[in-house]
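The values are calculated or read from the model by the stated rules, or taken from the named source; none is laboratory data. The structure displayed is predicted, hence computed values, not measured ones. Cβ: placed from backbone, ideal geometry, glycine included. Neighbour counts: every protein chain shown.
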Amino acid sequence: MDSSVVGYDGARNPNDGERSVGRKTLSRKPAPKRRKTWSRWTGFGDKTLWDWIQFAAVLLIPLSIYLGGQSFEEQRSQDITLEGYFDTMSTLMLEDHDDPEVKAAMQARTLTALAMLNEHEKLGVFTFLYEANLFGTFPLHLAKLQGIDLSGWDLQGIDLSDSLLQGADLSDSDLQGADLSYANLGGTDLSRADLKGANLKNANLRDAKMDEDDINDMVREAKTLEGTTMPNGQKYEDWIKDREHRKQN
């Protein structure tokens, strides 16, 4: 048999040379290493919604305890300050109210307490002063009364000059003859407040809650509005000129 046909077995068994013709040798690339995802690394990948809720609850417990402790400590501090104020004022009330030193001590203690207390506890100070008939005994100028709710209160003749009253509620209050000069009343609710004879010189009423009738009553009845910043942001002198100009037109 001719040697040229050796190694050929029909179409089924091509020799080694024929296998390589027209066919690219395929080689398998090594499989890439699988990276461990965050969920697999932490072991949380198979957690259910209930598992996550329980996990969150566990985390919130110490946070709630911490916040509750902070709130408790803050309230305790407020209570101690208010009780100390009551004790000191009760002692001073046994002294002569007409003594200038006693008045000065009462004023200093009251202003200090108002600066340290929150809106609710500030109201406790005013309640004490009212029930003890101490309104008018000493001025409360420079008082820090932001956010206090004195709606409907009888505050006739009170001296709140230079005080901070931003965001306070003085609606329906009686402020007849009150000294509010240089006071910051920005954003304060003064709706239906009685300002007859009140001194509002250089007071700041920007964004105060007052309707047109309230403003007209204030302009007509207040003792003075010299230099006052009106609710629209204008100085009183410019505001009154604009109003007169509107009336003429």
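Structure notes:
- Considering each residue of the stretch 131-150 in turn, none proves to be more than 30 Å from Glu74 (Cα to Cα), among the aliphatic types (A, V, I, L, M) and modelled with pLDDT of 95 or more.
- Cβ pairs under 8 Å, 6+ apart, first in the stretch 82-107 and free of Cβ contacts under 8 Å to residues at least 24 places away in the same chain and farther than 18 Å from Phe126 by Cβ, second assigned to a loop (DSSP other than H, G, I, E, B) and not β-branched (Val, Ile, Thr): Val102/Glu95; Val102/Asp96
Residues checked against (1) more than 17 Å from Lys122 (Cβ to Cβ); (2) aromatic (Phe, Trp, Tyr); (3) touching a helix residue (DSSP H, G or I) at 6+ places or on another chain (Cβ under 6 Å):
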site	(1), (2), (3)
Leu164	no, no, no
Asn202	yes, no, no
Glu212	yes, no, no
Arg220	yes, no, no
Leu225	yes, no, yes
Asn232	yes, no, no
Asp242	yes, no, no
His245	yes, no, no
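- For Ala198, the conditions (1) buried (at least 21 other Cβ atoms within 10 Å of the Cβ); (2) in contact with a Gly (Cβ under 6 Å, 6 or more places away or on another chain) are fulfilled apart from (2).
- Applying a threshold of 8 Å to beta carbon distances and a minimum spacing of six or more residues, or different chains, the list of pairs starting in the stretch 209-226 at a residue that is crowded, with 18+ Cβ neighbours inside 10 Å and ending at one that is assigned to a helix (DSSP H, G or I) reads Met210/Met218; Leu225/Met218; Leu225/Val219; Leu225/Tyr236.
Let's see how each residue does on (1) among the aromatic types (Phe, Trp, Tyr); (2) over 30 Å from the mean Cα position of the chain (by Cα); (3) outside the structural domain of Ser171 (by TED's automatic domain parsing); (4) farther than 20 Å from Asp172 by Cβ:
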position	(1), (2), (3), (4)
Gly187	no, no, no, no
Arg192	no, no, no, no
Gly197	no, yes, no, no
Arg206	no, no, no, yes
Asp211	no, no, no, no
Asp217	no, yes, no, no
Glu221	no, yes, no, no
Leu225	no, yes, no, yes
Thr228	no, no, no, yes
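- A search for C-beta distances below 7 Å between a residue of the stretch 118-146 that is more than 22 Å from Tyr182 (Cβ to Cβ) and any residue that is part of a helix (DSSP H, G or I), counting only pairs 6+ apart in sequence or on different chains, returns Asn118/Gln78; Glu121/Gln78; Glu121/Leu82; Gly124/Leu82; Phe128/Phe86; Phe128/Met89.
- Residue selected from the stretch 227-244 under the condition among the hydroxyl-bearing types (Ser, Thr, Tyr) and touching a residue at least 24 places away in the same chain (Cβ under 8 Å), by the criterion surrounded by the most Cβ atoms within 10 Å (Cβ to Cβ): Thr228
- Complete set of residues in the stretch 202-240 that are of a type in the set (Val, Ile, Thr) and in a strand (DSSP E or B): Thr224, Thr229
- Residue within the stretch 138-150 that is in a helix (DSSP H, G or I) and in contact with an Asp or Glu (Cβ under 7 Å, 6 or more places away or on another chain) present: no
- Which listed residue is over 15 Å from Leu123 (Cα atoms) and touching a His at 6+ places or on another chain (Cβ under 8 Å), from Asp179, Asp172: Asp179
- Positions within the stretch 78-121 being of a type in the set (Asp, Glu) and in a helix (DSSP H, G or I), in sequence order: Asp79, Glu83, Asp87, Glu101, Glu119, Glu121
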